[in-house]
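See below for the structure under consideration.
The values are calculated or read from the model by the stated rules, or taken from the named source; none is laboratory data. If you're wondering where the values come from, they're calculated on a predicted model, not measured in any experiment. For neighbour counting, all protein chains shown are included, and Cβ atoms are generated from backbone atoms with ideal geometry for every residue, glycine included. SASA here: full protein model, heavy atoms, side chains in, ligands and nucleic acids out. Shrake-Rupley method; radii C 1.70, N 1.55, O 1.52, S 1.80 Å.
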Amino acid sequence: MLLALCCIWPAHAAHILVDAGHGPERPGATGASGRAEYLYNRDLAAALAHALAALGDRTTRVEGVGADIPPGRRAAGAPDADLLVSIHHDSVQARYLRAGRQAEFAGYSIFVSSLNPRPAQSLRCARRIGERLQAAGEHPSRYHAEPIEGENRPFVDRRLGVHRYDGLAVLRTAPMAAVLIEAGVIVNPREEIRLGKPETIARLARAIARGAHECL
């Protein structure tokens with residue numbers, strides 16, 4: 001089975017598709033402890049769906065179960081949703097890992113695509129989520145805007161840590177507004193420990209949920 005859907009739909013609620021990025025076959029980044037990014041994504045996505053439901057929003061979760069789901073097919077889990085939120089956790093470029101500099105990097109990043117059919121709403125939601133993350137004590141990473149190979153993702157809103165990244169299939173192919181969130185940098189040992197704590201996961205989930213709820 002590819003899709004694991006968990007739906008809650010109060011009357012007149014916004015419908016938010018919560019995507020746990022990556023899957024068991026290509027699990028994404030590897031944390032400093034050796035734990036796969038996919039597992040962190042699943043934990044936060046589950047907490048986010050719960051936090052959205054607590055706000056009265058209808059939620060659908062999508063994640064690979066037994067096999068990966070291609071990024072361009074993620075939105076098919078709920079094509080009528082108002083917003084797609086794709087949850088990820090970050091690494092850094094190999095040059096920094098080889099140099100042992102991973103502890104220098106921390107913080108969240110939010111991405112939108114100008115190729116998404118609802119770019120204005122995507123950006124509005126990204127900004128609101130960024131505001132809520134900062135209010136919860138999180139800070140944005142500036143790393144993805146560095147003018148180096150593999151990065152150079154321009155800021156749309158530097159203060160709130162929002163970047164434009166048109167190459168992300170999960171964003172550009174979604175029929176609804178869409179944002180991708182890198183919740184933090186799991187190759188940084190201290191950051192990974194923090195991001196794995198239940199209280200951190202719950203706080204991040206509440207902040208993202210509040211931002212998504214308010215933007216809709």
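Observations
- Averaged over its residues, the chain has an accessible area of 44 Å² per residue, based on protein heavy atoms and a 1.4 Å probe.
- Under the convention that each Lys and Arg Cβ holds +1 and each Asp and Glu Cβ holds -1, the size of the dipole of the chain around its Cα centre is about 300 debye.
- A rounded overall shape is assigned to the range 60-212, the ratio a/c of its alpha-carbon gyration tensor axes (a ≥ b ≥ c) being less than 1.5.
- Ellipticity estimate at 222 nm from DSSP helix runs (n ≥ 4, -39,500 (n - 2.57)) divided over the chain, nearest 500: -10000 deg cm²/dmol
- Residue separation of GLU104 and THR30 scaled by 0.36 nm, minus their Cα-Cα distance, works out to 25.0 nm of gained length.
- Highest-first arrangement of 51-64, 152-165, 173-186, where packing means the average Cβ count within 10 Å: 173-186, 51-64, 152-165
- Degrees between helix 198-215 axis and first principal axis of the chain (Cα, 0 to 90, nearest 10): 50
- Computed label-point distance, nm, for sites ARG159 and ALA136 using a 7 Å Cα→Cβ extension: 2.1
- Separation between Cα centres of the range 38-75 and the range 168-216, rounded to whole Å: 11
- For the chain, the longest principal axis of the alpha carbon atoms and the long axis of helix 37-54 meet at an angle near 40°.
- To put it simply, the accessible area of the chain at a 1.4 Å probe is 51 percent carbon and sulfur.
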